[in-house]
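Right, one structure below, let's go through it.
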Amino acid sequence: MSDPLGIFGGTFDPVHYGHLRLAEESMAHLGLGGVRWIPAGNPPHRDTPQVTAAQRLAMVRTATQDNPRFSVDPAEVESQAPSYTVQTLERLRGELGAQQSLVLLVGADAFAGLASWHRWTEIFDLAHVAVSHRPGFPVEAASLPKALSAQFSRRRMLDVGALKASPGGAIVTFAMTQLAISATQIRKLLANDLSARYLLPDSVLDYISSHSLYRNP
Ligand code: ATP
């Protein structure tokens, strides 16, 4: 069987070093063959005015282009319909086959909200879930909503070898370098004309400035 493939979704509004380190470190910690980045389409409640999904996708492409183990999947951005993770995983299963191990990568904050995702319990039929630690968000059963806590206790594997042993169904956690960087913080800095340098790649900052993104209207 080929190495597990990491699937990394997010709004990436904009992509930053917290995302890049999560993807990079997940490969080493979890034995992934690579990471497929999947920027979300335009979620109605989470849109930043003046920054389009196509621009968020372009920034992810710029940030990841030098890493041959990263690939970028534009399908959610290009789709007209709202994109749900479960549907994206169904599509990937169709594309990659039933045997390929898929590992959905999520930060601890995103994981804590998993039980509100569309058809969320079916996600475990399609992929493993790997939760990375993020400053301020503990990963422990006691701090999760009840239904998610039950899934977490039942599916949690301490040995990441479980990710290679089956196509999906397990939950693992991994400790990454703790970087308290968020896209929210970067958007605020840029809106206030302050420097966001060293929080995200220069190439992304160049893109932001040449397209006049995240400025106050
Ligand atoms: P925002 O501040 O706009 O909410 P964000 O910085 O959290 O954005 P997202 O695009 O929402 O970025 O996150 C995509 C994924 O990356 C999520 O699973 C999130 O938990 C994870 N993530 C984002 N920033 C970090 C970080 N600094 N450390 C670990 N995980 C992170």
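Quick note: the coordinates plus some simple rules give every number you see, no bench work behind them. This one's a predicted model, so the numbers in the text were calculated from it and none came from an experiment. No Cβ is skipped: glycine too gets one built from the backbone with ideal geometry, and neighbour counts run over all protein chains shown.
Our note on the geometry: Cα centres of the range 125-179 and the range 1-33, 15 Å apart.
Compared with the dominant principal axis of the Cα atoms in the chain, helix 17-30 is inclined by about 20°. Taking label points 7 Å from Cα along the Cα-to-Cβ direction, GLU25 and ALA191 give a separation of 2.8 nm. Would you work out which of MET157, HIS133, LEU89 lies farthest towards the positive end of the dipole of the range 54-164? Charges go on Cβ: Lys and Arg +1, Asp and Glu -1. Going by the Cα projections, it comes out as MET157. Over the residues of the chain, the helix contribution to mean residue ellipticity at 222 nm works out to -10500 deg cm²/dmol, using -39500 (n - 2.57) for each DSSP H run of at least 4. By its C-alpha gyration tensor, with a ≥ b ≥ c as the square roots of the eigenvalues, how is the range 56-194 shaped: rounded for a/c under 1.5, else prolate for a/b larger than b/c, else oblate? In terms of gyration-tensor shape, oblate.
When both the range 75-102 and the range 182-217 are represented by their alpha-carbon centers, they are found 30 Å apart.
Taking amide hydrogens as placed 1.01 Å from N in the peptide plane, the amide H of LEU102 sits under 5 Å from those of LEU5, HIS128, each at least 5 positions away in sequence or on another chain.
Neighbour counts of other Cβ atoms within 10 Å put TRP37, TRP120 in the fewest-to-most order TRP120, TRP37.
The 3J(HN,Hα) values that the Karplus relation (6.51, -1.76, 1.60; θ = phi - 60°) gives for the range 95-102 are, in residue order, 6, 9, x, 5, 8, 5, 6, 10 Hz. Gly and Pro appear as x.
So for the chain, taking the charge dipole from beta-carbon charges (+1 Lys/Arg, -1 Asp/Glu), which of ALA115, SER71, ALA142 sits furthest toward the positive end? Positive-end residue among those listed: ALA142.
Quick check for you: which residues of the range 118-133 have the amide N under 18 Å from the point 7 Å beyond the Cα of LYS146 toward its beta carbon? 121, by backbone N distance to the label point.
Charging the Cβ of each Asp and Glu at -1 and of each Lys and Arg at +1, and nothing else, the dipole of the chain about its Cα centre rounds to 360 debye. Between the amide H of PHE174 and those of VAL131, SER132, HIS133, distances stay under 5 Å, these residues lying 5 or more places away or on another chain, with hydrogens modeled in the peptide plane. For SER71, the amide hydrogen comes within under 5 Å of the amide hydrogens of VAL35, ARG36, TRP37, counting only partners 5 or more places away or on other chains and with H modelled in the peptide plane. Loop-located trypsin sites (Lys or Arg not before Pro) in the range 145-175 (DSSP state other than H, G, I, E, B) with a sparse environment of at most 12 neighbouring Cβ atoms within 10 Å are absent. Legend: calculated FRET efficiency, ARG119 to ALA54, from the Cβ-Cβ distance at R0 = 22 Å, rounded to 0.05, equals 0.20. 3J(HN,Hα) along the range 80-92: 7, 7, x, 9, 10, 4, 4, 6, 4, 5, 4, 4, 5 Hz, from the Karplus curve 6.51 cos²θ - 1.76 cosθ + 1.60 with θ = phi - 60°, whole Hz, x for Gly and Pro.
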